[in-house]
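The values are calculated or read from the model by the stated rules, or taken from the named source; none is laboratory data. Computed from a predicted model, the values in this text were never measured in an experiment. Virtual Cβ from ideal backbone geometry, glycine too; neighbours counted across all protein chains shown. SASA here: full protein model, heavy atoms, side chains in, ligands and nucleic acids out. Shrake-Rupley method; radii C 1.70, N 1.55, O 1.52, S 1.80 Å.
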Amino acid sequence: MPTWLTIEEYRTLTAVCERLIPADQTPGAAEAGVPDYIDGLLGAFSFDPPRIWAGGSFSGRHGGQPGFARFHRLAALDELAWRTRIEGSLGRPEREFNGVVVGLQERYREGLAALGPDFCDCDPDEQDLRLRSLATFTQLVYDHSCEGMYGAPEYGGNRDAVAWSGIGFAGDVEPRGWTDHEVSEA
Amino acid sequence: MDRPRGIGGVTVDAIIVGSGPGGSTVADILTAAGWSVVIFEKGRNHLIDLEHPHRLADDFSNDEIKFTNRHFLGPDPFLEPRTFRTGPEDGDHSFVGDVNSIPSTVGGGGTHADGKVPRFREEDFGLLSTYGPQPGASVADWPLTYADLEPFYANVERRIGVSGDAAANPLAAWRSGPYPMPPGPSMYGAVLSTAAAETLGYHPYPAPGATNSVPYDGRPPCNNCGFCAFFGCPIHAKGDPVAMLQRALMTGNAEIRPETFVSRIRTDGRRATGVGFIGPDGVERSMDARYVVVAGGAVETPRLLLLSGFDHPLIGRHLMVHFQTIAAGGFADLRFHAERGRAVTHLHDDAVVPDDASRKAATQAGLPWMRGGIVEHGGPGLPILEAKLYRWGPTHKENMRRSPLRDRLWAFTMQGEDLPVATNRIDLDPTVRDVRGFPVARYTYKPHQHELAASAHHGPRMAAILEAMGAEWTSVATSPGSVEGPGGRASVDAPMSRHVMGTVRMGEDPATSVADSNGCLHQLSNVVIADSSVFVTSSGYGPTLTLAALAARFATAMVS
Ligand SMILES: Cc1cc2nc3c(=O)[nH]c(=O)nc-3n(C[C@H](O)[C@H](O)[C@H](O)COP(=O)(O)OP(=O)(O)OC[C@H]3O[C@@H](n4cnc5c(N)ncnc54)[C@H](O)[C@@H]3O)c2cc1C
Ligand code: SF4
């Protein structure tokens, strides 16, 4: 079950992400969990602490105590910033000191709707055509897809670090790090 | 534990605004001399436990989402935007958002710099007497010399913990002793690029680094995790400036107040009496002090002076930001694995020192002289940043696997000297506010002809090194953005370099400078400016070690 999107929206988003980063010999965005990364951002405040900043110092993938899954608590101003960014300013004066802010939730809801209720059933060429006609929205989803794909798995994407292994990237490496030899040699 | 006595209306010895490298250096020296100090920091604390025994925090991590996409170290551009314009012809501003901001957090920009901390050269303190004036710029000598500052350079290299090789750079200024630590390992790409640079007659050397190469001050050596520039160090192997803050706290004479914005310096007309501040509860309060040290960085420091109603006409003027020239080259047969190590381990200084070719280029551009800046070998190699550069669709994953723009790319970045120009400035934006309701800092900035000509001269030379390394293609770009040749018009984007300087100029004459050679405001002698705001000229070197050395000099003058 998605956290914030409706089932329908989640389906459309999954199809979009898979067009942006399609599978080839390694998994694409859908299988890597990118839609969960985006849904997790849109619904970050349904968790306590909100899923904005993963914890430190280590993930546990290369030793040390796993801490990434323990998300940081937000200070009051951090919460104001992230709620505004996600939910929009919603007419509240404390969020509109420099004007109205359109939130990510609204941009996703409208963008996904604008792609059409039949988006998932269209052939790939038609899907790409619609994505190109909504360039600003597509760019937003693509930027988030890159984050979800190649960011830490604790944020919901890059499931089992599948995108990192697909490109030969080790990901977070503390506290193991790299030896001097690994740094200086080919 | 003893607490500084500013709380409850009793005067503390010094209030320090900002906990970056400048403020931390001052705190270290004042507390060691027994002064009571309160450090106000508007950002959050992710660095160090504020309670005894001041254990280093475990908030930093190898996490590209948190640090480079979600503003973990601040400033959040929604809460604290800045604005930019090239000149009044752009109207009030042409851009609102993140204008080359440096972290706003306990430790300031020191926490996520990858810490290349070279010293300036001798002539950097006397450009006017060495090379003479430049039309359209306010070139001047500093009110102090390299020799005056050398003991403080040596002092802060020990405080911060700097690794380097004193014999490696033939173009470096003289020094009274070795570096506290030997250099760390060379990036693989830098092994290749330094060899190529040497064949062309350049003098690359291991960058002096504010990163431990051996255990130092109770902190471990760097283990090359690769998430360095833009990230806090998970194992606290960066010395800049955590060591100084921890030491200051351990004396019991210092208190750090995070999430607390200093909105105004209070005065009685002749002297500063303290500050007004707004803490996490949003309530405005005040605190008295004998001295107010301002170390908010070269953008926020003049902003605070202007918010306080100080009226010296030069406050905010002579803003300097290193002019970046970036040469990149593609190598189909190499993989640089820049995700291992500290990204930039080598520099060369040849573009800083004029030679026959650059003198000729200056003459052709109609300039009396011309200087570039340090050339950094390489840069970080992280995948989210890379992924966003490629087109979406079926080619995306093949690009990520082949990695032409990360793993098979090597780059040089020149941090070009930016001349001081009076119309380049920070002032208060007329309409945009921060979350607390205060006007934000506005940049008005365009490069001088000097920077454009120096970039046009040195860019192809950096590309030639890439060709000598075997690059299949090279390209040269600049920040601020693409600019036309001599006489051309500067583009409208804000500069990217985080080396910002010069907005509270230092000098002997109150008519041509705002602060004196001890960092004290001419108008209010117990207000001390301890950051790169006081720089008279920008040199072509990263500002951090020099601003820390100045802060050490100013603090030493305060306690003696
Ligand atoms: C990615 C990156 C890489 C860098 N690499 C290098 C490098 O290799 N070499 C180099 O020399 N430099 C480098 N720099 C620049 C370096 O970070 C700065 O020169 C340095 O941090 C400046 O130190 P400072 O103490 O003057 O100010 P800052 O580090 O900016 O600290 C100022 C602090 O004051 C706080 N503050 C400001 N105003 C107020 C107020 N009104 N009330 C309360 N608090 C306030 C801010 O929140 C901030 O934390 C780099 C910067 C970045 C971002
Ligand atoms: S590369 Fe070294 S200094 Fe930089 S963050 Fe990693 S361990 Fe710390």
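Roughly how many nanometres apart are two label points built 7 Å out from the Cα toward the Cβ at residue B:266 and residue A:73?
About 3.1 nm separates the two model spin labels.
Considering only Cα-Cα distances, which of the following residue pairs are longer than 23 Å: B:66/B:388; B:116/B:397; B:42/B:66?
B:116/B:397
How would B:102, B:315 line up by accessible area, probe 1.4 Å, largest first?
B:102, B:315
For region B:119-162, with the dipole built from +1 on Lys and Arg beta-carbon atoms and -1 on Asp and Glu ones, taken about the Cα centre, which of B:135, B:146, B:161 lies farthest toward the positive end?
Of the listed residues, the answer is B:161.
I'd like the interface area for chains A and B: accessible area of each alone minus the complex, both sides summed, 1.4 Å probe, protein heavy atoms only. What is it in Å² to the nearest 100?
5100
Say the dipole of chain B comes from +1 at the beta carbon of Lys and Arg and -1 at that of Asp and Glu; which of B:546, B:34, B:519 then lies farthest toward its positive end?
Farthest towards the positive pole: B:34.
Rounded to the nearest 20 debye, what is the charge dipole size of region A:7-181 about its Cα centre when +1 sits on each Lys and Arg Cβ and -1 on each Asp and Glu Cβ?
580
How about region A:1-51: which chymotrypsin sites (Phe, Trp or Tyr not before Pro) there are in a DSSP loop, with at most 16 other Cβ atoms within 10 Å of their Cβ?
Answer by residue number: A:47.
Picking from A:148, A:179, A:86, whose Cα lies most toward the positive end of the charge dipole for region A:7-181 (charges on Cβ: Lys, Arg +1; Asp, Glu -1)?
Working it through, the farthest residue towards the positive pole turns out to be A:179.
Reported to two decimal places, what Rg/Rh ratio describes region A:7-181 when computed on Cα atoms with Rh from the Kirkwood expression?
So for region A:7-181, dividing Rg by the Kirkwood Rh gives 1.02.
Roll a 1.4 angstrom probe over the protein heavy atoms and tell me the percent of accessible area of the protein assembly as shown that is carbon or sulfur.
53
Taking the solvent-accessible surface of protein heavy atoms with a 1.4 Å probe, what is the per residue accessible area of region A:7-181 in Å²?
Value for region A:7-181: 42 Å² per residue.
For the Cα atoms of chain B, what angle does the longest principal axis make with the long axis of helix B:297-307, in degrees from 0 to 90, nearest 10?
Computed tilt is about 40 degrees.
Select from region B:37-72 all residues whose loss of accessible area on going from the chain by itself to the full protein assembly reaches 40 Å² or more (probe 1.4 Å).
In region B:37-72, residues shielded by partner chains: B:44, B:58, B:62, B:63, B:65, B:66, B:70, B:72.
Hey, got a sec? Which GluC sites (Glu not before Pro) in region A:95-174 land in a DSSP loop and have at most 14 other Cβ atoms within 10 Å?
The qualifying sites are A:96.
Taking square-rooted eigenvalues a ≥ b ≥ c of the alpha carbon gyration tensor, is region B:101-159 rounded, prolate or oblate, where a/c under 1.5 means rounded and, failing that, a/b exceeding b/c means prolate?
Taking the square roots of the gyration eigenvalues as a ≥ b ≥ c, region B:101-159 is oblate.
How big is the protein assembly as shown by the Kirkwood estimate over distinct Cα pairs, in Å?
26.5
Which distance in Å, rounded to a whole number, links the C-alpha centroids of region B:200-273 and region B:137-176?
Measuring centre to centre over Cα atoms gives 18 Å.
Under a GNM of chain A (C-alpha, springs under 10 Å), which listed residue has the highest mean-square fluctuation: A:138, A:14, A:26?
Taking springs between Cα atoms under 10 Å, the residue moving most is A:26.
Going highest first, how would you order B:110-122, B:451-463, B:132-144 by mean Cβ packing within 10 Å?
The densest-packed peptide leads the list: B:110-122, B:451-463, B:132-144.
Of the residues A:44, A:75, A:135, which exhibits the maximal mean-square fluctuation in a Gaussian network model of chain A defined by a 10 Å Cα contact cut-off?
Of A:44, A:75, A:135, the most mobile in the Gaussian network model is A:75.
Distance between Cα centroids, region B:412-465 to region A:124-147: provide it in whole Å.
What the calculation gives is 34 Å, centre to centre.
Could you work out the mean count of beta carbons from other protein chains within 10 Å of each residue's beta carbon in B:218-225?
Average neighbour count from other chains, rounded to a whole number: 4.
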